[in-house]
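Here is the structure we will look at.
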Amino acid sequence: MSVNNKVRERRQELDLTQEELGAATHVTRQTIIALEKGGYTPSVELALKIARELKTAVEQLFWVVE
């Protein structure tokens, strides 16, 4: 089981850099890169922070793939 996401697509729609999203959610740019590439699954807290910053529901950004 893994978690897929649309963070990159939504971030780009809002014209935010990885650095800006990381700063707004209190993580590094490297964490955002790993997340967008699927190499990192965020905590619930981080997923909620990202969704808030990207102005969308967490369910629209993250979903489980079995």
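Within region 42-61, how many residues are of a type in the set (S, T, N, Q) and surrounded by fewer than 15 Cβ atoms within 10 Å (Cβ to Cβ)?
Number of matching residues: 2.
So the check is Cβ under 9 Å with 6+ separation or different chains; which pairs have a first residue in region 51-66 that's aromatic (Phe, Trp, Tyr) and a second one that's assigned to a strand (DSSP E or B)?
PHE62/VAL3; PHE62/ASN4; PHE62/ASN5; TRP63/VAL3; TRP63/ASN4; TRP63/ASN5
Please find, within region 23-65, the residue that is farthest from ARG8 (Cα to Cα) out of those that are over 9 Å from the mean Cα position of the chain (by Cα) and small (Gly, Ala, Ser).
Ranking the candidates gives SER43 first.
Report every pair of residues separated by at least 6 positions or lying on different chains whose Cβ atoms are under 6 Å apart, first residue within region 1-21 and within 25 Å of VAL65 (Cβ to Cβ), second of a type outside the set (A, V, I, L, M) and open to solvent by 60 Å² or more (accessible area, probe 1.4 Å).
What qualifies is MET1/GLU66; VAL3/THR41; ASN4/TRP63; GLN18/ARG29.
Regarding SER43, is this residue at pLDDT below 95 and of a type in the set (S, T, N, Q)? Steps first, please.
Numbers: at pLDDT below 95: no; of a type in the set (S, T, N, Q): yes.
No.
Those residues that are acidic (Asp, Glu) and over 11 Å from ASN4 (Cα atoms), I need them from region 26-51; list them, please.
GLU45, the sole residue that qualifies.
Taking the residues in region 10-38 that are polar (S, T, N, Q) and in contact with a helix residue (DSSP H, G or I) (Cβ under 6 Å, 6 or more places away or on another chain) as candidates, determine which candidate is least open to solvent (accessible area, probe 1.4 Å).
THR25
The values are calculated or read from the model by the stated rules, or taken from the named source; none is laboratory data. Just so it is clear, the model here is predicted, and its values are computed rather than measured. Cβ sites come from the backbone with ideal geometry, for glycine too, and all protein chains shown count toward neighbours. Only protein heavy atoms, including side chains, enter the accessible area calculation; ligands, DNA and RNA are left aside. Shrake-Rupley method; radii C 1.70, N 1.55, O 1.52, S 1.80 Å.
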